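Below: one structure, written as structure tokens.
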Amino acid sequence: MKTIGVLAFQGDVREHLAAVEASGANAVEVRTAAELARIDGLILPGGESTTISKLARMFDMFDPLKASIASGIPTFGTCAGLILLADRILDGIDGQETFGGLDVTVRRNAFGHQTESFETRLAFKGISGPDLVAAFIRAPIIEQVGPEAEVLATLTSGAVVGVRQKSILGVSFHPEVTDEFRVHRYFIDSMVSA
Amino acid sequence: MSESQNNNVATTRVKRGLAEMLKGGVIMDVVTPEQAKIAEDAGAVAVMALERVPADIRAQGGVARMSDPDMIDGIISAVSIPVMAKARIGHFVEAQILEALNVDYIDESEVLSPADYVNHIDKWNFKVPFVCGATNLGEALRRITEGAAMIRSKGEAGTGDVSEATKHIRTISGEIRALAAKSNDELYVAAKELQAPYELVVEVARSGKLPVVMFTAGGVATPADAAMMMQLGADGVFVGSGIFKSGDPVARAKAIVKAVTFFNDPNVLASVSRGLGEAMVGINVNDIPAPHRLADRGW
């Protein structure tokens, strides 16, 4: 059985651990380089992207994480996790760093304040069955997609909310919050185990 | 496969969901845009905008109300993390104003002077989510029934004395454990004793936890205090006067953020507890006469 690590500095770590377990893999929390070395796939959870990247710097995990992602460990980010995987961000705070890996430009809080947060249903390329239940919470949007990245999900407005580039998957919404485990299964079956 | 997109704004799931995203984080009280910036730079997951920190409200006395909208606007423009603001218990018009100002969360807070000594705000009427204080499980469930999407154990704000925070989180956690151990036929009377709806009591008994995120507040002043609350089962902490009433707010804010992430690692806690300068002076809760205890507001 594959072991998936959830970066556990801050955010909805618990929901991701449960989603991984429900999707047929072993789930562990990752806070140290030793823990990072023991996993087959990495999840960057929802949370505050500024807080998570600062904690990664404070605990000397920024460069190890960046290196692991660049070296091709299968990685899946939701919401804040997507921001942390973007090569370029808009509306970040001064000096906000990302691990990068996805050749995309992501705008933070692209829908506005919390009162604009919403749920919807959307189709996801590579996942069959009914449309996914997707919760967007102060969510980012992928505004520009580089040639290496493939768009997997869009809203009817045309906004891009899911992309994959080789070993890296990023979505604007929170499949872990709506018990929509098909995205975790997609990650584990077609990116980690494949 | 047809894409039928009906966007549902401000559902219970997205209201409770924002609190899920704040887990493992520190929410800091700030009274100016400059303090908000310092909090964000230190790694806060959100800021609580208010006019005076609880220690000053306690020292200066008088009626404490919702903050000036200009101040809240200033803080919203200064940071990119979520901004919360406080309304008085029962003051639904202050809440309407805060929603119009686009705050991300409203704290219906006992730290301000209550506007209604009978009713809390009907929080289901709002698109913006609410966090409410509680000292025990029944109080937490009554607030959730009224629409609260997050619970904050109260502690005793503005004291720097963590003992009430400890008491409240232990009480709530202990009552949840006791509920989970009951048989189905005992839950009817449990609901009566908790003065909470039966369906919600059953939900907590089955899942062994609250249906919303619970942070701890009220008296947290050091990294060790924050880590202790996390070890007692808090999902995160609010720090009010503890940061900006201390000798070195920047260092203390960063240290508390680190302590909440590594709350189970005494080596990290030892290292982040060094060189922080003076903690806030503080008041022992036992020296505060009962009528002046903020935690007794709300029911």
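Every read-out reported here was derived from the displayed coordinates using simple, explicitly stated rules and does not represent laboratory data. Everything numeric here is computed off the predicted structure, so don't read it as measured data. Cβ: placed from backbone, ideal geometry, glycine included. Neighbour counts: every protein chain shown.
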Report task. For n ≥ 4 DSSP H runs only, could you compute -39500 (n - 2.57) per run for chain B, divide by its residues and tell me the 222 nm figure to the nearest 500? Result -> -12000 deg cm²/dmol
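Could you work out the helix-only [θ] at 222 nm for chain A, with each DSSP H run of four or more residues adding -39,500 (n - 2.57) and the total divided by the number of residues, to the nearest 500 deg cm²/dmol?
Working: 6 runs with 46 residues, N = 194.
It lands at -6000 deg cm²/dmol.
Looking at the square roots a ≥ b ≥ c of the eigenvalues of the Cα gyration tensor of region A:3-192, which shape do they give, rounded for a/c under 1.5, prolate if a/b is larger than b/c, or oblate? Each step should come with its number before you reach the end.
On the way: a/c = 1.43, a/b = 1.13, b/c = 1.27.
Cα axes put region A:3-192 in the rounded bin.
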Requested in this report: Output ³J(HN,Hα) for region A:106-111: one whole-Hz value per residue in order, computed from phi by the Karplus curve 6.51 cos²θ - 1.76 cosθ + 1.60 with θ = phi - 60°, and x for Gly and Pro.
Outcome: 10, 9, 6, 6, 6, 9
Query raised in the report: Can you list the HN-Hα couplings for region A:162-169, worked out from phi with the Karplus curve (6.51, -1.76, 1.60; θ = phi - 60°), rounded to whole Hz and with x for Gly and Pro?
Result: x, 9, 9, 9, 6, 8, 10, 10
Query raised in the report: Once amide H atoms are placed 1.01 Å from N in the peptide plane, what residues at a sequence separation of 5 or more from A:Ile141, or on another chain, have their amide H within under 5 Å of its amide H?
Result: A:Arg107, A:Ala110
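Rounded if a/c is under 1.5, else prolate if a/b beats b/c, else oblate: with a ≥ b ≥ c from the C-alpha gyration tensor eigenvalues square-rooted, which is region A:33-99?
Details: a/c = 1.83, a/b = 1.46, b/c = 1.25.
Judged from the Cα gyration tensor, region A:33-99 comes out prolate (a/c at least 1.5, a/b above b/c).
Between B:Asp70 and A:Glu21, take the C-beta separation as r, use R0 = 41 Å, and let me know the FRET efficiency to the nearest 0.05.
Values: r = 48 Å, r/R0 = 1.18.
E between B:Asp70 and A:Glu21, to the nearest 0.05, is 0.25.
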Report task. Express as a percent, rounded to the nearest 5, the fraction of DSSP beta bridges in chain A (both residues included) that run antiparallel. Result -> 50 percent
Query raised in the report: What nm value, rounded to one decimal, do you get for the distance between A:Gln144 and B:Thr11 when each label is placed 7 Å out toward the C-beta?
Result: 3.3 nm
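Using a/c under 1.5 as the rounded threshold, could you call region B:117-206 rounded, prolate or oblate? The axes a ≥ b ≥ c are square roots of the C-alpha gyration tensor eigenvalues, and prolate needs a/b larger than b/c, oblate otherwise.
Oblate is the answer for region B:117-206, as a/c is 1.5 or above yet b/c matches or exceeds a/b.
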Query raised in the report: Can you flag which of B:Lys86/B:Lys167; B:Lys154/B:Lys245; B:Lys37/B:Lys209 are past 27 Å Cα-Cα?
Result: B:Lys37/B:Lys209
Report task. Report the calculated FRET efficiency for B:Val189 and B:Trp299 (r = Cβ-Cβ distance, R0 = 25 Å), to the nearest 0.05. Result -> 0.75
Query raised in the report: Between A:Asp40 and A:Ser190, what is the spin-label point distance in nm, taking each point 7 Å from the Cα along the Cα→C-beta axis?
Result: 1.8 nm
Query raised in the report: Where both residues lie in the protein assembly as shown, what percent of DSSP beta bridges are antiparallel, nearest 5?
Result: 30 percent
Query - Separation of alpha-carbon centers, region A:99-140 and region B:224-243, rounded to whole Å - result: 31 Å
Requested in this report: Could you work out how far apart the two model spin labels at A:Leu90 and B:Asp116 are, taking each label as a point 7 Å from the Cα in the direction of the beta carbon, and quote it in nm?
Outcome: 4.2 nm
Query raised in the report: Could you state the number of Å between the C-alpha centres of region B:155-178 and region B:3-51?
Result: 23 Å
